[in-house]
Amino acid sequence: MPGCQPGPGAVGALHQRGAGHVPLVGRGPVLAKIGILGPLRADISTANMYSVVISGTGLYQPPHVITNAELVEAFNRYVDLQNAEHAEAIAAGSREPLVYSSVEFIEKASGIKQRYVIEKAGVLDPTRMYPRFEERGDDQLSLMAEIAVDAARKALAAAGRKPEEVDAVFCAAANMQRAYPAMAVEIQAALGAGGYGFDMNVACSSATFALEQAYNAVRSGASKCVLVVNPEITSAHLEWKDRDCHFIFGDVCTAVVVERADTATGPEQWEILGTHSATQFSNNIRNNFGFMNKAEDSDPDARDKTFRQEGRKVFKEVVPIAAAHIENHLATLHVLPTDVSRFWLHQANLGMNQLVIKKLVGGEAGAQIAPLILDTYANTASAGSVIAFHEHRADLRTGDLGVICSFGAGYSVGSVIVKKR
Ligand code: CO8
């Protein structure tokens, strides 16, 4: 993993911990004196840099819940139907019978108890096993944009911002509904936002990587107010027919408003002290669906055209990467993991989060230190750590530090260190 530099705001902000906000503009010489950055670099990198806050978050929650019991019942009916259909081949030994899923396994292996989905009947139909969405015309708002607009309006309301005050929209998610025009541009238009928009995808780290882009855009002065949206319609690219993964994902959309601290007026603000993104290639989580499929004459229903993973390998390999990433990022700000009030971690697996926290602070990952939302939402790809931040921060006080961190396919790890103002 590449190293990282402290953001120019970080050191000043930490030295002011609990003492309110100090604007960053013109603080270069101070940073140079305390020796964190070389004088030239400090002068260049801090001149005209703005302090940045997260001033609002929003959540779109789909209307339907699928419990583990409902999911397993539908899956096991699918297994019965498949095994009956292929009884001869199974009896002849030329085909392996499918095996039942179980609620006990799902809860023990993952910590997931239910998931939200936009459409439920298709997923639970054992003759179908994927959601049923009506195709929309080019003149209608697309589904991804619809849920993004819902979450965005809530985030903007929380920040006390009007859509027209937004000057950039980043749509960051594990899958985009279409190739182009960019989802972000449709969302920008539907909201009535200004500036520009673009899409980005780093699978489960899309949201934190987008927050880094938003942070950089605002602190550099290029943008004043950036909206990051994470519409995750995971139900449309999960393989519901595979018992190894059919329980993992849920649909949701999160939105985050990132803006200049000196002009933010919202009632609740979190200063961004620094961001750090890192990637390391792995095939252990992969989906080969893409625009080349047709030209390659490949089967659009083949197993490799939906989500698949080597879950156990991912678990083992990503835990140490994530823990080291967070520790190193905090160290660049001279913060120990034990100084952090809350970790809003990626929500893929309860055991993974417990291990990451154990490596970081040496103790249990209780709700106080690393709140869990995957029990109710399941894995929501990039949105998971943002949902945790959205739902579990009201009790923190001015000066408290927190880390939003995602990890997953790529491999990718993204962290955002924040301080309550
Ligand atoms: N019911 C009963 N038994 C089962 C089931 C089931 N549903 N599934 C598997 N088993 C069996 C297996 O066959 C195996 O049996 P045996 O021992 O006889 O071979 C046994 O249970 C153990 O199986 P596993 O080794 O697979 O079980 P694990 O304990 O490893 O748990 C998990 C599986 C829960 C998947 C776990 O490995 C895990 O969570 N790993 C981490 C994965 C992770 O973090 N992934 C990140 C992915 S998210 C991301 O990056 C975004 C991607 C883009 C979004 C895509 C949206 C669709």
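The values are calculated or read from the model by the stated rules, or taken from the named source; none is laboratory data. On a predicted model such as this, the values are computed, not experimentally measured, just so you know. Neighbour counts are summed over all protein chains in view; Cβ atoms, including those assigned to glycine, are modelled from backbone coordinates with ideal geometry.
Scanning region 139-175 for residues that are in contact with an Asp or Glu (Cβ under 9 Å, 6 or more places away or on another chain) and small (Gly, Ala, Ser) yields a count of 8. For a quick check of your reading of the model, give me the residue pairs whose first member lies in region 341-353 and is more than 14 Å from Asp375 (Cβ to Cβ), whose second is of a type in the set (Asp, Glu) and not in a strand (DSSP E or B), with beta-carbon atoms closer than 6 Å and at least 6 apart or on different chains. Close Cβ pairs satisfying both conditions: Ser341/Asp400.
Each row is one residue, and each column tells you yes or no for (1) at pLDDT below 95; (2) within 16 Å of the ligand (Cβ to nearest atom); (3) surrounded by 14 or more Cβ atoms within 10 Å (Cβ to Cβ); (4) of a type outside the set (Lys, Arg).
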{"site": "Leu273", "(1), (2), (3), (4)": "no, no, yes, yes"}
{"site": "Thr279", "(1), (2), (3), (4)": "no, yes, yes, yes"}
{"site": "Gln309", "(1), (2), (3), (4)": "no, yes, yes, yes"}
{"site": "Ile321", "(1), (2), (3), (4)": "no, yes, yes, yes"}
{"site": "Leu336", "(1), (2), (3), (4)": "no, no, no, yes"}
{"site": "Ala348", "(1), (2), (3), (4)": "no, yes, yes, yes"}
{"site": "Glu364", "(1), (2), (3), (4)": "yes, no, no, yes"}
{"site": "Gln368", "(1), (2), (3), (4)": "yes, no, no, yes"}
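Of everything listed in (1) without any contact (Cβ under 8 Å) to a residue 24 or more places away in the chain; (2) farther than 22 Å from Met144 by Cβ; (3) in a loop (DSSP other than H, G, I, E, B); (4) of a type in the set (D, E, K, R), the single unmet condition for Glu268 is (1).
Go through the residues of region 374-388 one by one and say whether even a single one is more than 22 Å from Ser277 (Cβ to Cβ), assigned to a loop (DSSP other than H, G, I, E, B) and either more than 16 Å from the ligand (Cβ to nearest atom) or not assigned by TED's automatic domain parsing to the domain that holds Ser341 (or both). Scanning region 374-388, I find no residue that is more than 22 Å from Ser277 (Cβ to Cβ), assigned to a loop (DSSP other than H, G, I, E, B) and either more than 16 Å from the ligand (Cβ to nearest atom) or not assigned by TED's automatic domain parsing to the domain that holds Ser341 (or both), so the answer is no. Within region 184-208, the set of residues being in a helix (DSSP H, G or I) and either within 19 Å of Asn287 (Cα to Cα) or within 16 Å of the ligand (Cβ to nearest atom) (or both) comprises Ser206, Ala207, Thr208.
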